[in-house]
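Novice: I have a structure I would like to understand better, so I am pasting it below and will then ask my questions one at a time.
What follows is calculated from the coordinates using simple rules that are stated; it is not laboratory data. On a predicted model such as this, the values are computed, not experimentally measured, just so you know. Cβ coordinates were reconstructed from backbone atoms using ideal geometry, including for glycine residues, and neighbour counts include every protein chain displayed.
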Amino acid sequence: MSSEDPPSEPPDESTDEPIDEPTDDGDPTTPTGSSAPADRSAPTAERTAATDRPTATDRPTATDPSASVLDRIGTRHAVGVAAVLAVAAGLLVAPGVYGAVTGPDGTVAVIEIDGTIDSGTAQHVEDNLRDARMNDSIEAVVLEVDSGGGLPAQSERMYAAVDRTASVMPVYAAVDTLGASGAYLAIAPADRIYVAPSAQAVGSVGVAGTAPAPSGPNAGTTGPDKRGSDPDTQRERRQTLANLFIENVIEQRGDEIELDREAIAHADAYLGTEAVANGFADRFGFVDGAVADAAAEAGMEDYAVDTRRTESPVPAGIPLLERDDGTIVVADGGEEELGDGLVLAVAPEAWDETVGDDVVMTSYTGRLPADGAAAETTSDEDSAATNGGEGA
Amino acid sequence: MSVDLRTTVGAFALVFLAVVGVAAVGGVVLDGGPPETDAVADDHWQLDSVEPETVSEGGAVEMESTEPSNVVVVHLGGGTTGLGGGTSILPIEDGDAPAEADIGTLGGVRRGVTPLTAALIENGHEVRFYGGITSGETLPSMLSDADAFVTTSPGALSATDADAVESFVDAGGRTLVTSDPGGAGALTDFGSPFGVYGEAGYVYDMENNDANYLSVLVEPTETGSLTEGVERVVFRGAAPVGVADGSATLATAETSRLSTTREAGSYGVAVRSDSLAVIGDSSFLEPENAGRADNGVLIGNVADFLVTGEAPDVSFGPGGAVPPGGAVPPGGATPPPEPTEPSGNATA
C-alpha cells in the first residue's frame, strides 16, 4: 500500500515533529514534549504509524528536493531489510540445496534371502522388491543370498518378483555359502549372480520328497486319492515340478549356463568356483562389490545403501521348536506339514535345516517299511553314533 | 481500506491458484507413476511344456503256455508284509550299513509278485511260498517237488538254501532270480556257478524314462522266449547284470548311465543262462507296474518260462536233507501235506 503513493510519503522524523503534534491521531493525552525524543530513538518502530499520519492528515505534498532525499533514505533501509530477510531465507533453504547437490543420487536396496524358503521369506522378498519398484529413490537391488531352498511355490513367487524388478532396474544377487535349489530358482532372473569362490551349493535344480508309494484303503476318506494319489501320478507330478524348475532356470539363464538340459537336471549343486565356470553364476564377488556394480549400472556415482534383513531368523511357515539345548527343530506338527505329497526344492546341504531331524523325510533313501522302521531307526542311530565317532 | 482488502484477497487467490496450478501441471507432466514392469513370462509354465513323458498304461499279463500244472516255489526274502505297508527296498550299495532307497512302489512280500502268481494260478499252476529257514518246510524239500523256483532276494537265501537252488538249476529246474540294485554281491555269489554276475550301482536315464530318472526303459536285445512280444518295459530301479558267454536279454537305452561311472551306454539288465533267468529289477512284477508299457507281456513270458519244459530231476540226498532236517525235523518229514497250505497263501 505504501508503495502505491510514494509522493505523499514523508516518513521521516525531521518533518514529523512540527506537523504531527496538533493533528495527532493517537492518544490526545500523550505529552507533546515526549513525542519528539521517542520518535527519534525508535524511528523504525514508529515507522508505520508515521507513514499513515501524513496520509491521514492529507498534508500538502512536500517539495521535490526533500522528497528525493527521503526516498533515497527509505530505499536504503528497504534494501537493507530485504538483504537481511534474504540472508535468513537463504540460510533456511541452503541446507536443503546443499543436501540435494551433495546427497546420493539414489539408493541401492540390499534384500536378504536367508534360510528355509517359506511364506515369510517370500513375503519379505516380494514386499521389499515391490517397494524398490515403487520408491523412486531406489534404483538398484542386491539380493544377499544364503539359503538352500524350501517350498517350490514360494521360491517361484520370489522368482517372479525378481524377474519383474529386473525389468526396471539392475538386480544383482550375491551368494555366500548356499544359493541352491529354491534359492537358486529365486535368483535365476537376476541380471547378474555373484558367488563366493568357496560357496558350497549353487544350483541344485531339482526337487525332492518321499518316494512315491501307494496308500492302503481307508474308510475315513471319500475317495481313493484323498490320502494321496497313486504312485505313478505322484511320480509324474514330482517330475512336473522338477521340469518347471528346470524350464525356469533355462528361461532365465539358458544362455549363460554351459551345461545341457540333462546336465542341469542332474540337480548337482556346484562350488562357487565351479558355478562361475559353468555359467550357473556370473562372477566372483560379495555383497559390497555387487552393490557398487549395481549402483554403477544404475548410473549412480553417489548412492545410499538400504539393507532389508529378514525380520526373524526363524522361518514362520514351518513350525519350529526350540529345544532346551538351544537347537531349533521342526515341531512334531511338522510331520503333518511336510506330508508325503509335499515336494521340496531343497539342496542336500540344507535338508536337515529344512525338515529337521525328527521328520522322517528320507529324501534320498526312500521311505522305510512300517514294520522295519523301528529296526532301521536303531541301526541308523548306531551308524550315526559310529559316524560321529569317526568324525570326532 | 475496502479496496485494498479486495486487491489483497485477489492477489492472494491469484498467486495461490498459480502455485497450485503449477504443481498440478508439473505433477501430471513429470510424474509417470511407478515404472512399467515387464510381465513374467509364463509360457513355459503351461502343463504341456512341463508334463513328463510317460509310457503307456493298461497292459495285461497273459500266458500262452498250455502246460499241465507245475509247482512254482516263490521265495521273497525277509521283507515285511502288510496291507499298504511295506515298500520294496532298494539298497543302493553293498556294505555293512547299506543306505536304502525306495524304488517307489508298494512292496509287501507277497503283494510284490501278485501279477506273476495270479497268472500262474489262473493257468492252472501251483504256487508255493517259501518264507526262509523259519518256514515249516525246508527249501530242498519244497524244491524236490517243484518245477520252477522264483526268488526276488537271492541274498536272503541261506547257504544251504543257495546250494539247494544251485542243484535245482543244475538239474534243469527253471529259476527266475530278480536282483535289485545293491544286491550285486549276493547275486554274484549266487550266480557265479552259472556265469552270472551283478554289477554295483544302478542304471538311470535322464532322457528316456517313465517320469523319473530311475524308471528306465528297457528293450530286448534279441528275440527269445522271455522277450517275445516285448517292445519295452519299465524298471523302477535297474541293476546291471551280466553273463559269461552271452549277451544280455534285456538292456537299457543308449542314453542311460551307470550310477557308479556316469558313463552313458546300454547296460544289460537281464540275462539268461540255460534254465536260470536273472533280471536286475523286481519292481516290474509289482501290481502298480505290471500294467506299464510291456511289463505285463514280460511277466507273462516269465510265467511261461517257469512252467514250460520237463520237470527237473533233482534229488537232495544227504546234502539237502540232513542240514535242514537237523534244524527242522518235522518240516523235512512232512513235505507231501504241505502243498495245500502255500497255495492257500497264494490266493490271500
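Novice: Mind checking the dipole of segment B:209-305: about its Cα centre, +1 per Lys or Arg Cβ, -1 per Asp or Glu Cβ, Debye to the nearest 20? List each step's numbers first, then the result.
Specialist: On the way: 6 positive and 14 negative charges, 64 e Å.
The dipole magnitude comes to about 300 debye.
Novice: Between rounded, prolate and oblate, where does segment B:135-209 land on the alpha carbon gyration tensor, with a ≥ b ≥ c its root eigenvalues, rounded for a/c under 1.5, else prolate if a/b exceeds b/c? Can you show the working numbers first?
Specialist: On the way: a/c = 2.20, a/b = 2.16, b/c = 1.02.
Since a/c reaches 1.5 and a/b is larger than b/c, the shape of segment B:135-209 is classed as prolate.
Novice: Then there is this: Roughly how many debye, to the nearest 20, is the charge dipole of segment A:253-313 about its Cα centre, given +1 on each Lys and Arg Cβ, -1 on each Asp and Glu Cβ, and no other charges?
Specialist: Values: 5 positive and 15 negative charges, 47 e Å.
Result for segment A:253-313 is approximately 220 debye, rounded to the nearest 20.
Novice: Can you compute the FRET efficiency between A:ASP71 and A:ASP288 using 1/(1 + (r/R0)^6), with r the Cβ-Cβ distance and R0 = 51 Å? Round to the nearest 0.05.
Specialist: Working from the Cβ atoms, E equals 0.15.
Novice: Evaluate the relative contact order of segment A:82-208 (contact order divided by residue number), counting alpha-carbon pairs under 8 angstrom at least 6 apart; express in whole percent.
Specialist: Relative contact order, segment A:82-208: 22 percent.
Novice: Still on this structure: Using only the alpha carbon atoms of segment B:213-267, find the Kirkwood hydrodynamic radius as the inverse mean reciprocal pair distance, in angstroms to one decimal. Write down the numbers at each step before the final one.
Specialist: Details: mean 1/r = 0.0850 Å⁻¹.
Final number for the Kirkwood radius of segment B:213-267 is 11.8 Å.
Novice: Another question, if that's okay. Only sites in a loop by DSSP and with at most 15 other Cβ atoms within 10 Å count here; which chymotrypsin sites (Phe, Trp or Tyr not before Pro) in segment B:159-215 make the cut? Walk me through the numbers before you get to the answer.
Specialist: Working: sites: B:PHE168, B:PHE190, B:PHE194, B:TYR197, B:TYR202, B:TYR204, B:TYR213; in loops: B:TYR202, B:TYR213.
Qualifying residues, ordered by number: none.
Novice: Just add up the charged neighbours of A:PRO152: K/R +1, D/E -1, any other residue whose Cβ is under 12 Å from the Cβ of A:PRO152.
Specialist: On the way: positive: A:ARG157, A:ARG237, A:ARG238; negative: A:ASP118, A:GLU156.
Neighbour charge sum, excluding A:PRO152 itself: +1.
Novice: Still on this structure, I have one more. Calculate, for B:GLU64 and B:ALA244, the FRET efficiency according to 1/(1 + (r/R0)^6) with r their C-beta to C-beta distance and R0 30 Å; round to the nearest 0.05.
Specialist: Details: r = 30 Å, r/R0 = 1.00.
Once rounded, the FRET efficiency stands at 0.50.
Novice: So for the pair B:ASP4, A:ASP255, with labels modelled 7 Å out along Cα→Cβ, what separation do we get in nm?
Specialist: About 7.3 nm, to one decimal.
Novice: Still on this model: Could you line up A:ARG157, B:ARG111 from fewest to most neighbouring Cβ atoms inside 10 Å? Walk me through the numbers before you get to the answer.
Specialist: Details: A:ARG157 19, B:ARG111 24.
The fewest-first ordering by Cβ neighbours comes to A:ARG157, B:ARG111.
Novice: Grab the other residues whose beta carbon is less than 14 angstrom from that of A:VAL276, score K and R as +1, D and E as -1, and report the net. Mind dumping the intermediate values first?
Specialist: Values: positive: A:ARG192, A:ARG253, A:ARG283; negative: A:GLU256, A:GLU258, A:GLU274, A:ASP282.
Its environment carries a net charge of -1.
Novice: Also: What shape does segment A:188-269 have by the C-alpha gyration tensor, where a ≥ b ≥ c are the square roots of the eigenvalues, rounded means a/c under 1.5, and otherwise prolate means a/b greater than b/c and oblate the rest? Mind showing how you got there, number by number?
Specialist: Numbers: a/c = 3.31, a/b = 2.78, b/c = 1.19.
Verdict is prolate for segment A:188-269.
Novice: Let me ask something else. Within segment A:252-309, which GluC sites (Glu not before Pro) sit in a loop by DSSP and count at most 10 neighbouring Cβ atoms inside 10 Å?
Specialist: Details: sites: A:GLU256, A:GLU258, A:GLU262, A:GLU274, A:GLU297, A:GLU301; in loops: A:GLU256, A:GLU258, A:GLU301.
When the GluC sites (Glu not before Pro) of segment A:252-309 are filtered for loop state and at most 10 Cβ neighbours within 10 Å, A:GLU258, A:GLU301 remain.
Novice: Is segment B:262-305 rounded, prolate or oblate when judged by the Cα gyration tensor, a ≥ b ≥ c being the square roots of its eigenvalues, rounded requiring a/c under 1.5 and prolate requiring a/b larger than b/c?
Specialist: On the way: a/c = 2.37, a/b = 1.17, b/c = 2.02.
Oblate is the answer for segment B:262-305, as a/c is 1.5 or above yet b/c matches or exceeds a/b.
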